[in-house]
Structures are given as structure tokens and as C-alpha cells.
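These notes are about the structure you will find just below.
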Amino acid sequence: MTSPYEEAPLLRLEGVRQGYGAREVLRGVSLELYPGEVLGVVGESGSGKSTLLRVLYLELPAEGRYTLGQPGLEGLNLLALDPYRRLEVRQRHLALVRQHAHEALRMGFSSLANVAEPLLLLGERRYGQAATRALAALEEADFPTERADEPPRVLSGGLRQRVQLARAIAARPAVLLLDEPTTGLDLLVQARVLDTLRALKGRLGLSMILVSHDLGVVRALADRILVLLEGEVVEAGLADQVLEDPQHPYTQDLVQARL
Amino acid sequence: MPRLGYSYAFLDPGAKRELRRSLLKAVALPGYQVAYASREMPIARGWGTGALQVTLSLVGPEDVVKVIDQGADDSVNAANLRRFIASMSGARTTWDTLEATLIQSRHRIPEERLRPHQILILQVPIPEPLRHVEPSEPRARELHALADYSALWVGLFEETRRFRRSLKGAAYPVMVHGRYVMDPSPIPRWDVPKLHQAPHLTLLAAGREKRLYAVPPHTEVRPLAFQDVPFQVERVRARCRRTGVGHLFLNAIPGEGGLEHELSDTSVLEKLRAGRALGETYYDLEGRFYRDDVPV
Amino acid sequence: MILEVAELEKRFFLHRLAREVVAFRGLSFQLAPGAFLLLAGPNGAGKSSLLRCLYRTYRPTAGRIRYRSLRGWLELAAAPDRLVLALRREELGYVSQFLDPRPRQTALEVVAEPLLWQGVEESVARRRAAEMLEAVGLRPELWAAYPTPVAGGARQKVNLARSLIRPYRLLLLDEPSASLDQEARAALRAWLGRLKQEGTAMIGIFHHPEDVAGLVDATLFLEGPYVAEPSAPGAAG
């Protein structure tokens, strides 16, 4: 436990609560994400997975502490920021891939423009640069670039997810948040999107938090897994450990339910 | 003499006070849309009621008022407004841009350069530059508050990608004082550079939408544009059929041999026809803008 | 020594069945760099579970695993997840019986992947992957094929090549030779011999003694399973 292993976490949640009383959705969630790793969050519908992700994306207010180990943000509780700063932090450091592409994309604009948006938002004022970088991001997301000018409206579900993915990685966020990124896609398409995610993890060393109810998806990507039950973390550990030697009764059931 | 039986300049004192207060706020927050209580006026909404209220709240007996409609002093609408303002305030009226102290205008900024003592009041149909990208008014206000103009940039990106330039002809969005994006009212792109670091005060008002905003003197006004695809004004290879001028903004008019062109600014047109000297114009004879830090 | 295991114990509590299964208990042994420890015992004796505990796929229930990493002595049994991940990336290897199915990747890509993760340049990684596949004796026409549908033996060769492509300080071998043909087993034997020479400590399960002939320094015999609650077949195997 010498220094090289004691790297600071990239992202840390401490005792985060969301909602009130009987409607409390997150009941004191703590977690850490380290540079270059993929953290999988599993749990059934209603366990608070998506809420957790929205809190992480600074989209929902919550109590507790949320810090990012990024220059200029050290020791700053992001949950206590004013909306203006919160948006700034989100735009500069975070990206979210949603389950439903239409909630994240401008369906009428071209795919390329959608991918360029985060770059423009961060102040890219050269059209050529924005277009080149957006095209590169589409390529990284294995999107057929000859279709870059088509709007997501006319694209298939799988391609829409790729546009979302390209948009998410275009500005190289510190943390990529994925909310059921393959749910609702055909099996084959699902598999291909997963391949892309895995390739991105390897190539770009992206740090990700992946929320999914599909253990197969989580298994394929995650280094560590967190099990969420009724807004609480009931188990956390190495991905293979949680899946092969689950400790909590709920996790054992979840793993058993896999086949 | 102002007309009897009405408050001076038509508006009651309370209305004027409220308007002036809103104008002060607008001047203090360049480009920010201030809500105000738009009054009923004896002309229809959408015909310049907003600018008319602003003009009436500012006008005094010593003022010289000019009203133009797309550059023309002689249109029915401009003439009506001018007479109304004059009869309600006793102010003198003029066609000459240089002589005027208050200029109410629909969709044009005069070609002769305005000076510090002049106030330009523009009629605005749609004050919200985000209207076509964000139909929800509360949400649009939120985007302004957060200075989140990504939707406009995405739109510009898209047009640049497809047509290699912006398609926006009139009402080209501008960033005012590096903070708020503003609709400069449907002035042609030709007029947009005239707002940047202008020595005069510009007030913009939309009566129907109950919003007014301002560009104070010497304020930075930059059209939204990419560095590598610069903003450009309209260029027409034509000459005015009555004066032969080709370096100022021309209206296209259907004539016998197809489209003919005529100077849009009647003040300039009349001066040239009468052989009188023009004041300094924003564009020189080569079509160069008078400030070289302004891309056109 | 590179590894000192003391009083190690692994129990599984199956909540749904309200039953506890002991995979092994009271295990103590030591291992020196370059030493080879063979695990022996009947099916269900906890051999695999022991390897998995050392790799931390299983959480040890009690006992200590002292491991001397490049950075000094560590307590593996209680090491934080981050540390375990780092060790797996850098010095701890685990070769399983089966290739984790990795669809839509050719054999060459599967083998090269661990190098790419380490930041090795792609062309270099592919060349070394090819060398590795050659060493385990996979027919070149299968290199560009997806390993999933090919025969078990070929798939296991891919697995071996992937597992052995980079060096380790401690290598855990869970019946890696089970489905291999004679030729490949001989190649594996030679490869392990070389690793031993280089100082890699190994703990392995092998059903054919000839696969590790001349390599074994010590044998640990496991007897389990120990069933604490109503008797049941071992859940640990």
C-alpha cells in the first residue's frame, strides 16, 4: 500500500441523499471512481440507479458531498454550487449517455452538429476545428461518418446511441456517465455498442460509471461493481468478486437471476 | 404645440415613469430583455407600438424626430407615426438623419453615422433570439441566465456545414457586451456592424411582446460567427437607379427590365438628388466599413 | 519468500438456502520466487477456490495472505480493490480452464489486448501476439477467426496465449492444460519451465503429472469439502 496505489479518486460521493422521507431515493450513497476505471452500478428498477446518475450529472439537487479531483475543483462540494457553476462543471468535466437518445440529442439537427455541440459549448469558435473534431469523435464511436449529415431522427437506435457516445466523448470529459446505454437495442446492436465502449475504454482510458440492470453488460465493461438496493449500497467490490462470490442476499439473488 | 385633451406625449405620467425606469434597467444590462407594461396605443400591436411608447416617453418639445420604415421616411406608416408624435409632443420632425435627435426606425439603421447626442429606437417584432430554438419562454430566460447559447451555435454550425455560411439575412443574433445574445431587430446584416462600439444609444422595444432592451454607447456588439467563417454583410452588384450609388444598401424593386435597385435610405437619397453634402457614412465608396476592427 | 499464507479459510454462506459451505480452512504455506506449488486433492476439495482467493475473485473469510509485491509486502486478503486491480494489471496472473468468451474479436486481437491495455503500440502488440500464438501451436489460419465457435482445444490455446503474453511475479494456473492436445501440453510445459527460470512463482492445478514434470517444488494436498450445515456437495469446486 505504497504511494503508487494511493492515487486520489477522480470522483467521490460521500453520504449522498436524494428525496425526502418515505420518498427518499438515495439513502446515503458513497462511492469513489479512480482514473481510467469503469465502475458498474447494478440494481433493479427503482433501486435509485438512474437517480444516482442524474445526481452525478449534477442534474438533480441532493444532500451530501460530491467532489471531482479536477484542477480548480479540489475540495469543492459540487452539490453546494450555484446553478451557473454547476452547469459549468457539468459542461467541462462530465458527459452522460442516456438510455433514450431523443432525450439527449437534437433530433432535427445533423448528427455532426449534435456531436459538435459540446465543443461549441466549451468555446470552440473555429468551425473547421469543431467539424474535424466532431468527425473524429464519430469515428471513434464507430459511427459511419458518411452519414454524419443525417439527423438522428432518421437513424436506427444503435446509430443514435453512437451519436450520443460520440457527443459524450467529443470534448474528452473527465467522467463519462452511462445510463443503460444498450437497453432497448437489438441483441446484435447491443453487442456492437458494447464492443465500441470496450474499445473506447482501452484506447482513451476513459473513466466511466455505468448503470445497467444487465449484468452481462456490466460484466463486459466494469472493473468494480456497486450493488444498489432501495437507495443504499449493499455491496461493492471487484467485478468478478461481486459476480462470483456475492456476499449480500440480494446480490446472490441478482446473480442467480442471470440465466 | 402639443395637442390638448391628452397627457403630454400621449402617455400618462405614470406610464412614462415606468417606461423610463425600464429603459434605465435595460441600459444598465446591455442586451438583457426587460419586461415592461406595454400600453394600448392608437395603432395596432405589431406596427411599432413598443418603439412608439419609448419615443413618447423620451420626446420633449426641443427634440427633432425622424421616423423611418425600412429606410423610408415617406412610407404611410412612417408618416403616420411621425405626425402622431409631433402632434402629441410639439416636437419638430425631419427626414434628415443628421438633424434628428430621436430616430424611430423599423428594420434599418441610417447610412449616415449617428452621433453621441442621438438616440436610435428600433421597432422589434420578436425580441427573443432563442425563440426558434427554444419555444418555451421560461426555459429561454433560463438559458439567457446561464449564458447557454449552444443551440444558436449548433444552428450556425449546421448552416455552415450545409451552405458554407449563415443563412440568416435579417435579425442576425449578436452578443452584447460578451454576456447576452440579442436580436438586433430585423435590420439587414449590412446594418449589424453599425451597432458595435457605436457612440449613440440604441433602444429596442417590442410592444406586442412587452420587452425592451438596449445597447448603450460604446458597447461591444459582436455577431455570432466562427473565426474561420467570418460574418459578412450583403453585397449587391448594382447601382441605385436614381442616384447611381452602388456602395450603400439598396432595395430591389421590380421594374420594366427585371429587378431595379434604389437606395433604401431616403435621407441619403434626397440629399444626393438635391446635390447636398452627405454626412459621414458607415461605409465608404469602396464599401469598406469605417472601423477596421469590425468584420463585415 | 514471495507469498506467505496463514490459516486461510473460505466459507460460502448461501442465504437463499440458509446453508454455509466451507471450501477449505486452516491452510498455511509459503512460496519462494521461482517456486512451483502443485495443488492436489479430489474434486471439490477447494483447489480452485484457493486460487480464486489468492486472486481475490473470492473474498477470503479468515486468515492472511502476505504477498511481496514489487513495492514491498502487502496483505492481499484485506487489500483494497484498487490495489488488487493494480496487482492484477502488473504482477498477478490467473490462467483459467476456459477462455472467457470474448465474441467478435479475432484470436489475434484477444491475445494482443492485454498488451494494448498496458499501452504497448498496436503493431508491436500484434507481432508479439502472433509469436505467442505460434508458441502455443495455434494454426495460423485460425488467427484471424473468432475464437468462440472454434474447437475447445484451439480456444484454450488462445486463452493460454492471452494469459501468458506478459510476465507475472505470481501466476495462478487453474487446470490450463485440461483440454489441450499432446503437442500444446508440451509447449505449455516448456513455457512454464521458462517462466520458472525467470523467477515466476506458480501455484497450479494439473490433472496430468507429466504436464508439470520436473517443475514441481512442493505439493499441497487439499481434502475438503467441509460442510458446516446440513451436508451437501461442495459448492466450491
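Since every read-out is calculated from the coordinates, none of them should be taken as a lab result. No experiment lies behind these values; they were computed from the predicted model shown. Methodologically, a virtual Cβ is constructed for each residue, glycine included, from the backbone with ideal geometry; neighbour enumeration extends over all protein chains shown.
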Report summary line: Here the percent of antiparallel bridges among DSSP beta bridges lying wholly in the protein assembly as shown, to the nearest 5, is 55 percent
Requested in this report: Give me the distance in nm between label points sitting 7 Å out from Cα along the Cα-to-Cβ direction at residue A:30 and residue A:125, one decimal.
Outcome: 4.6 nm
Report task. Pairs of Cα atoms under 8 Å, at least six residues apart: use those to get the relative contact order of region A:102-173, whole percent. Result -> 45 percent
**Report entry** chain B, relative contact order [Cα under 8 Å, separation at least 6], %
**Finding:** 21 percent
Report task. Can you figure out the FRET efficiency of residue B:237 with residue B:288, using R₀ = 25 Å and their beta-carbon distance, to the nearest 0.05? Result -> 0.95
Report task. Using Cα positions and a limit of under 26 Å, work out the lysines in reach of residue B:66, with same-chain residues fewer than 8 apart set aside. Result -> B:16, B:25, B:194, B:210, B:271
Query - Within-13-Å neighbourhood charge of residue C:67 [Cβ basis; K, R +1; D, E -1] - result: +3
Query raised in the report: Expressed as a rounded percentage, what relative contact order does chain A have, with Cα pairs under 8 Å and six or more residues apart?
Result: 25 percent
Report summary line: The size of the Cβ-based charge dipole (Lys, Arg +1; Asp, Glu -1) of the protein assembly as shown about the Cα centre, to the nearest 20 debye, is 1600 debye
Query raised in the report: Out of B:203, A:212, B:29, whose Cα points farthest toward the positive end of the dipole of the protein assembly as shown (charges: +1 Lys, Arg; -1 Asp, Glu; placed on Cβ)?
Result: B:203
Report summary line: With DSSP loop assignment and no more than 12 other C-beta atoms within 10 Å, the GluC sites (Glu not before Pro) in region C:115-172 are C:121
Query raised in the report: What fraction of the DSSP beta bridges in chain B is antiparallel, stated in percent and rounded to the nearest 5?
Result: 60 percent
Report summary line: For the protein assembly as shown (alpha-carbon point model, no solvent) the Debye-based log₁₀ I(q)/I(0) at q = 0.08, 0.09, 0.11 Å⁻¹ works out to -0.79, -0.90, -1.18
Query raised in the report: Leaving out same-chain residues fewer than 8 places away, which lysines sit with a Cα under 28 Å from that of residue A:201?
Result: A:49, C:157
Requested in this report: Would you calculate, for chain A, the mean residue ellipticity at 222 nm contributed by helices, counting each DSSP H stretch of 4 or more residues as -39,500 (n - 2.57) and dividing by all residues, to the nearest 500?
Outcome: -11500 deg cm²/dmol
Query - Convex hull per residue volume in Å³, alpha carbons only, for chain C - result: 135 Å³
Query raised in the report: Excluding residue C:116 itself, what net charge comes from residues whose Cβ is under 12 Å from its Cβ, given Lys and Arg +1 and Asp and Glu -1?
Result: +3
Query raised in the report: Which loop-located chymotrypsin sites (Phe, Trp or Tyr not before Pro) does region A:15-99 contain, where loop means any DSSP state but H, G, I, E or B and the Cβ has at most 12 other Cβ atoms within 10 Å?
Result: A:20
Query raised in the report: Given chain C, what percent of its DSSP beta bridges are antiparallel, to the nearest 5?
Result: 55 percent
Requested in this report: Net charge near residue C:25: determine it from the other residues with C-beta under 9 Å of the C-beta of residue C:25, scoring Lys and Arg +1 and Asp and Glu -1.
Outcome: 0
Query raised in the report: Taking the mean number of other Cβ atoms within 10 Å as a proxy for protection, how do you rank A:70-77, A:181-188, C:89-96 from highest to lowest?
Result: C:89-96, A:181-188, A:70-77
Query raised in the report: What dipole magnitude, in Debye to the nearest 20, does region A:102-173 give about its Cα centre under +1 on Lys/Arg Cβ and -1 on Asp/Glu Cβ?
Result: 180 debye
Query raised in the report: For region A:102-173, what is the Kirkwood estimate of the hydrodynamic radius, computed as the reciprocal of the mean inverse distance between distinct Cα atoms, to one decimal in Å?
Result: 11.6 Å
Report task. Please give the helix C:182-197 orientation as an angle from the longest Cα principal axis of chain C, in degrees from 0 to 90, rounded to the nearest 10. Result -> 70 degrees
Requested in this report: Evaluate E = 1/(1 + (r/R0)^6) for residue C:134 and residue A:22, where r is the Cβ-Cβ distance and R0 equals 60 Å; express this FRET efficiency to the nearest 0.05.
Outcome: 0.40
Query raised in the report: When only DSSP loop residues count, what trypsin sites (Lys or Arg not before Pro) in region B:135-216 have their Cβ near at most 13 other Cβ atoms within 10 Å?
Result: B:164
